[in-house]
């Protein structure tokens, strides 16, 4: 066998081994990246989509987002007539309808307030704090209205967990705090 043939074989074996090692390294990097990515169940828990096209007026809808209760309340014409400029800022407009959307935890100590449709108000039984139908405080001790979760409007759907321009405006003007 000539020296030239042996060198050619060695070069081929070196390249084959190098390629095989590079392929194995890429596979290991891909596996490491997959372990760093959040699980699909965790990703899914970050976003909740609520279709509001058939929501009834003055009926509290309770959803769950990131383990927290979310209150959604479609405002009737009578309820809208009672709003002030300040409380109207707390409402989300989708089409012609207005909705109160909030994290259903009292801003005082984190209790879950109950909704009374006849009085169109929320009562936190822990310390007697009350909120109106826009989730603004009407009786202390809560320091502020119920917090509004990050949202984005997508047609008649509300996507909780995404930040849209409407939510950014509420943060900027102090209507809610970041949740």
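Here, each number is a calculation from the coordinates, and none is a lab measurement. Because the structure is a prediction, the values reported are computed rather than measured.
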Taking the C-alpha atoms of the stretch 43-172, convex hull volume expressed per residue in Å³: 105
Three-way shape call for the stretch 98-163 based on the alpha-carbon gyration tensor, with the a/c threshold at 1.5: prolate
Kirkwood Rh and Cα Rg combined as Rg/Rh, the stretch 87-133: 1.01
C-alpha long axis of helix 3-36 to longest principal axis of the chain, angle in °: 10
For the stretch 127-179, convex hull of alpha carbons as volume per residue, Å³: 91
